[in-house]
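**Student:** The structure follows.
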Amino acid sequence: MDGAPIKELAEGQLLEGVLLLSACQVLVTKTGKPYGALKLSDRSGEIDGRLWDQAEDQLEGLAPGMPVQVQGRVESFKGNRQIILRHIKPAPDVDPALFIPASPIPFEELSKNLTRAVGWVKHKDLKALLKLIFVNDTSLKRRFLRAPAAKGAHHAYLHGLLEHTLSVAGLVRLMAQHYPEQLSGDLLITGALIHDLGKVEEFTLGPPIDYTDQGRLLGHIVQGVQMLDDLLLRLPGFPAALKDALIHLILSHHGEYQFGSPKRPKTPEAMALHFADDLDAKMAMLKLAADNSCGETWSPYNRLLERYLYLGPSPLDAPGQEREQSCPEPPPGLSLFDRGDSGKGD
């Protein structure tokens, strides 16, 4: 939109560019004239649109989820901005994913960290599986890199699955280093990297992000096991016991039956993976609530977390208090992703 995101459009501004058509319908004025009532969006937000001239002709063939080329002017109506459109038409050569909010972490950094995380695993069979998914199978890798981690609960944006997966992998790496006698780092990190693989099939990237038919019927846990089965057919001689251990990690990572896990965690690695996955999801929900707080001290009732959330200042930020250190430095070797890590592992 001439370089200006929707959230920055000002009253009186003339604009021409490409936006996403989020909603569209033809209504009738009191005098019987048809007009278009639209919602247009980009990564920064959504705005109402009104098309007063030739609405039926211009809107023919348009549908929600399509990028559209628009011309118009920003006006104010009852205190809200809206775009009064002169022209609107499809923009067929534009990727709809450009209009979906993306991970706040730069994609280049996420990609490098994925290479590093795969490099942490030394076991030859597990490394072969990870290379098959994240190096050799370019179609699966490309879909994984773009996929969201959820429809709305957490990491519900472009590259969200990658961000969430890497965060869980970093957490379980710390756990394996903290409990070396109980946890297999290679097995646990591999489980973290593939635990949500089924979300590639569960969600559409949209816009808007939604469930696929198979995603609603089966869910990403079942889909992830199916995908793992298919992948292992391409790795003859993969140990059967190791396959079972990986399947258990996928089946049990939600922790409890009521949260969708067909099995509860029964191995040390499965228990650790469940806690890491749950922690990362909940911390993302807390951050989302804080980002949407508009400066309020308490959030509205959070249905997913089943509580109100305190969003006010830390007691360390109170008058007369000074933070000596915002976050302790981790011991050597325990950072999630070392900036100097070459990707060759520990």
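**Student:** Quick check on residue 171: is it surrounded by 22 or more Cβ atoms within 10 Å (Cβ to Cβ), assigned to a helix (DSSP H, G or I), of a type outside the set (D, E, K, R) and touching a residue at least 60 places away in the same chain (Cβ under 8 Å)?
**Tutor:** Criteria not met by residue 171.
**Student:** Further question: For the condition modelled with pLDDT of 95 or more and either farther than 15 Å from residue 153 by Cβ or surrounded by fewer than 17 Cβ atoms within 10 Å (Cβ to Cβ) (or both), what is the one hit in 245, 290?
**Tutor:** Checking each option against the conditions leaves just 245.
**Student:** Residue 209 is checked against (1) at pLDDT 95 or above; (2) closer than 30 Å to residue 94 by Cα and fails just one. What number does that condition carry?
**Tutor:** All conditions are met except number (1).
**Student:** When you check residue 296 against the structure, is it at pLDDT below 90, in contact with a Gly (Cβ under 9 Å, 6 or more places away or on another chain) and farther than 30 Å from residue 112 by Cβ, yes or no?
**Tutor:** yes
**Student:** Quickly run through the stretch 174-220 and pick out the residues that are hydrophobic (A, V, I, L, M, F, W, C), open to solvent by 10 Å² or more (accessible area, probe 1.4 Å), out of contact with any strand residue (DSSP E or B) (no Cβ under 8 Å at 6 or more places or on another chain) and part of a loop (DSSP other than H, G, I, E, B).
**Tutor:** Hits for the stretch 174-220 are 183, 218.
**Student:** Failed condition for residue 236, given (1) part of a helix (DSSP H, G or I); (2) open to solvent by 20 Å² or more (accessible area, probe 1.4 Å); (3) farther than 17 Å from residue 261 by Cβ, with all others met?
**Tutor:** (1)
**Student:** Do you know which of the residues in the stretch 27-60 that are hydroxyl-bearing (Ser, Thr, Tyr) and surrounded by 15 or more Cβ atoms within 10 Å (Cβ to Cβ) is farthest from the chain's Cα centre (by Cα)?
**Tutor:** The residue in question is 35.
**Student:** Can you find a residue that is polar (S, T, N, Q) and modelled with pLDDT of 95 or more anywhere in the stretch 183-203?
**Tutor:** Within the stretch 183-203, one or more residues are polar (S, T, N, Q) and modelled with pLDDT of 95 or more.
**Student:** Does residue 252 satisfy being touching a Ser or Thr at 6+ places or on another chain (Cβ under 6 Å), open to solvent by less than 20 Å² (accessible area, probe 1.4 Å), under 30 Å from residue 100 (Cα atoms) and free of Cβ contacts under 8 Å to residues at least 60 places away in the same chain?
**Tutor:** Criteria not met by residue 252.
**Student:** Kindly provide the set of residues from the stretch 22-36 that are in contact with a helix residue (DSSP H, G or I) (Cβ under 9 Å, 6 or more places away or on another chain) and among the aliphatic types (A, V, I, L, M), ordered by number.
**Tutor:** Listed by number, the residues that qualify are 26, 27.
**Student:** Further, regarding this structure: I'm checking my understanding of the structure. Among residues of the stretch 126-153 that are over 16 Å from residue 228 (Cα atoms) and either in contact with a Leu (Cβ under 7 Å, 6 or more places away or on another chain) or basic (Lys, Arg) (or both), which one is most open to solvent (accessible area, probe 1.4 Å)?
**Tutor:** That would be 142.
**Student:** Please give the strands (runs of 3 or more DSSP E) falling wholly within the stretch 43-144 in which 3 or more residues are touching a helix residue (DSSP H, G or I) at 6+ places or on another chain (Cβ under 9 Å).
**Tutor:** 45-51, 80-90
**Student:** Got a sec? Which of 102, 91 is within 21 Å of the chain's Cα centre (by Cα) and surrounded by 16 or more Cβ atoms within 10 Å (Cβ to Cβ)?
**Tutor:** Just a single option satisfies the conditions, and that option is 102.
The values are calculated or read from the model by the stated rules, or taken from the named source; none is laboratory data. Bear in mind the structure is a predicted one, so any value in this text is a computation, not a measurement. Glycine gets a Cβ as well: all are built from the backbone with ideal geometry, and neighbour counts include every protein chain shown. Areas reflect the complete protein model, heavy atoms only, side chains present, ligands, DNA and RNA absent. Shrake-Rupley method; radii C 1.70, N 1.55, O 1.52, S 1.80 Å.
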